[in-house]
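Here's a structure for you.
The numbers here are math on the coordinates, done by the rules we state, and not lab data. Just so we're clear, the structure is a prediction, and the values are computed from it rather than from any experiment. For neighbour counting, all protein chains shown are included, and Cβ atoms are generated from backbone atoms with ideal geometry for every residue, glycine included.
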Amino acid sequence: MKKLGVNIDHIATIRNARGSIHPDPFLAAKYVMNCGADSVTIHLREDRRHIKDQDVIKICKDKKILVNLEISLNNNILKIALRNKPNYICVVPENRKEVTTEGGLNLSKNKNKIKKIIFKFRKKNIRTSLFINPNLKDVNLSKEIETDCIELHTGKLSDLIKKKKNFTNELRKIKNCCNLASELKLEVHAGHGLDYKTTKLLAKINEIKEFNIGHFIIGESIFYGLKNIISKFKNISNN
Ligand code: PXP
């Protein structure tokens, strides 16, 4: 069975749009787990544009929530992550101007720094993952860094599919990385830009053990949830 991690950053974005407490990412994290997700992903960005420090504290404290915390290489973020002891961490690159995590880590440039980070979390029995672009060099470097898992960035594949462009080459790259990772005994995850179609396609790859999906799940739940809420308001306003 493949695992599903649900990224709830966008719930924090909606909450922050009004500077209020609703919808609460902590309640969302509990609900997501009750709905059958295997884990909840949150990204504490350096600019705190969605998830805030208090969200991390509350979500990590609840031991019924399996938390995958995405972190950059920033020292302050690392300290917060080590202090709050999530179940898993995923190291991601971060660029303040980006709308979302646009690519994988630059492992060649940051190998030693990332290796030290991974070691700190492994010492605390926290599962480690590196968010990388699907290329063989980065899979090999991930092994050298001694991470438990890699997460392959599927943004390019998703984009090509959405734009109805040829995606054969990108899919082949992902498959080759999966094969190599499996030989090297690295667990493979996949994430970014995934929807029903792309997930179905990637689900055929046995080596992928976990999907991490955010934007599409939260967006799609609008269409599956609106009916209930509208009828609730019709009832409230007419009794
Ligand atoms: N995996 C990682 C490492 C990410 O950084 C993100 C985006 O925050 C996702 C998965 C989820 O991407 P999306 O929101 O496009 O599903």
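Cα convex hull of the range 60-150: mean projected area in nm², to one decimal?
Working: hull surface 24.2 nm².
Projected over every direction and averaged, the Cα hull of the range 60-150 covers 6.1 nm².
Taking a 23 Å limit on the Cα-Cα distance, which of the listed pairs 164/197; 137/185; 109/143; 113/156; 200/232; 58/227 fall beyond it? Could you put the intermediate results ahead of the total?
Numbers: 164/197 12 Å; 137/185 15 Å; 109/143 15 Å; 113/156 27 Å; 200/232 34 Å; 58/227 30 Å.
Pairs exceeding 23 Å: 113/156; 200/232; 58/227.
Find the relative contact order for the range 174-229 and round it to a whole percent, using C-alpha pairs within less than 8 Å whose residues are 6+ positions apart. Numbers along the way, then the final one.
Details: 41 pairs, mean separation 19.8, N = 56.
After rounding, I find 35 percent.
Quick one: compute the contact order of the range 54-156, relative version, from alpha carbon pairs under 8 angstrom and 6+ residues apart, as a percent.
Details: 154 pairs, mean separation 24.3, N = 103.
About 24 percent, as a whole number.
Please work out how much length the chain gains when fully extended from residue 120 to residue 197, using 0.36 nm per residue of separation minus the C-alpha to C-alpha distance, in nm with one decimal.
24.0 nm
Could you sort 111-118, 220-227 so that the peptide with the highest average Cβ count within 10 Å comes first and the rest follow in order? Display every interim value, and only then the final one.
On the way: 111-118: 16.2, 220-227: 10.0.
Descending packing order for the listed peptides: 111-118, 220-227.
Taking the range 2-138 on its own, what percent of its Cα-Cα pair distances exceed 24 Å?
On the way: 2614 of 9316 pairs.
For the range 2-138, the fraction of Cα-Cα distances above 24 Å is 28 percent.
Out of 119, 131, 211, any idea which swings most in a Gaussian network model of the chain, alpha carbons joined below 10 Å?
Comparing 119, 131, 211 in the GNM, the peak value goes to 119.
Something else now. Given the DSSP H assignment, sum -39500 (n - 2.57) over each helix run of at least 4 residues in the chain and divide by its residue total; what's the result at 222 nm in deg cm²/dmol, nearest 500? Don't jump to the answer; show the numbers that get you there.
Working: 10 runs with 119 residues, N = 239.
-15500 deg cm²/dmol, from helical runs alone.
Hey, another quick one. So what's the net charge close to residue 41: Lys and Arg +1, Asp and Glu -1, counting the other residues with Cβ under 14 Å from its Cβ?
Values: positive: 3, 45, 127; negative: 9, 38, 55, 70, 151, 210.
Net local charge, residue 41 excluded: -3.
Compute the Rg/Rh shape ratio of the chain: radius of gyration over Kirkwood radius, all on alpha-carbon atoms. Walk me through the numbers on the way to the answer.
Working: Rg = 18.2 Å, Rh = 18.5 Å.
Reported Rg/Rh (Cα atoms, Kirkwood Rh): 0.98.
About its Cα centre, how strong a charge dipole does the range 179-239 have in debye, to the nearest 20, once Lys and Arg get +1 and Asp and Glu get -1 at the Cβ?
Details: 8 positive and 6 negative charges, 85 e Å.
So the magnitude is around 400 debye.
Let me check I've understood the local charge: for residue 211, count other residues with C-beta under 15 angstrom from its C-beta, Lys and Arg +1, Asp and Glu -1. What total comes out?
Value of the local net charge: -2.
Over the chain, what is the relative contact order in whole percent, taking alpha-carbon pairs under 8 Å and six or more residues apart? Walk me through the intermediate numbers first.
On the way: 395 pairs, mean separation 41.2, N = 239.
The normalised contact order for the chain reaches 17 percent.
Tell me, what are the semi-axes, in whole angstrom and largest first, of the equivalent ellipsoid of the range 151-239 as set by the roots of 5 times the Cα gyration tensor eigenvalues?
Working: eigenvalues 272, 45, 13 Å².
Largest first, the range 151-239 gives 37, 15, 8 Å.
I'd like the distance between the alpha-carbon centres of the range 63-86 and the range 7-51, rounded to an integer number of Å.
Taking the Cα centre of each part, the range 63-86 and the range 7-51 sit 15 Å apart.
Using +1 at the C-beta of Lys and Arg and -1 at the C-beta of Asp and Glu, which of 166, 26, 106 has the Cα lying farthest in the positive direction of the dipole of the chain?
26
OK, next. Order of 45, 18 from fewest to most other C-beta atoms within 10 Å?
Values: 45 21, 18 8.
So the residues, fewest neighbours to most, are 18, 45.
Quote the charge dipole size of the range 67-135 about the Cα centre in Debye, to the nearest 20; the model charges only the Cβ of Lys and Arg (+1) and of Asp and Glu (-1). Please list the in-between numbers first.
Values: 15 positive and 4 negative charges, 114 e Å.
The calculated dipole for the range 67-135 is roughly 540 debye.
Give me P(r) over the range 113-202, computed from all C-alpha to C-alpha distances, binned every 10 Å, as integer percentages.
17, 46, 27, 10, 1
Mind listing which GluC sites (Glu not before Pro) in the range 1-108 are in a DSSP loop and have 14 or fewer other Cβ atoms within 10 Å?
Working: sites: 46, 70, 94, 98, 102; in loops: 46, 94, 98, 102.
Passing both the DSSP loop test and the Cβ count: 46, 98, 102.
Direction-averaged shadow area of the convex hull around the Cα atoms of the range 22-88, nm²?
On the way: hull surface 17.0 nm².
Average of the hull's projected areas for the range 22-88 equals 4.2 nm².
Treating only the Cβ of Lys, Arg, Asp and Glu as charged (+1, +1, -1, -1), what charge dipole size does the chain show about its Cα centre? Round to the nearest 20 debye. Present the calculation step by step, with values, prior to reporting the outcome.
On the way: 46 positive and 25 negative charges, 38 e Å.
Charge dipole, the chain, about its Cα centre: 180 debye, nearest 20.
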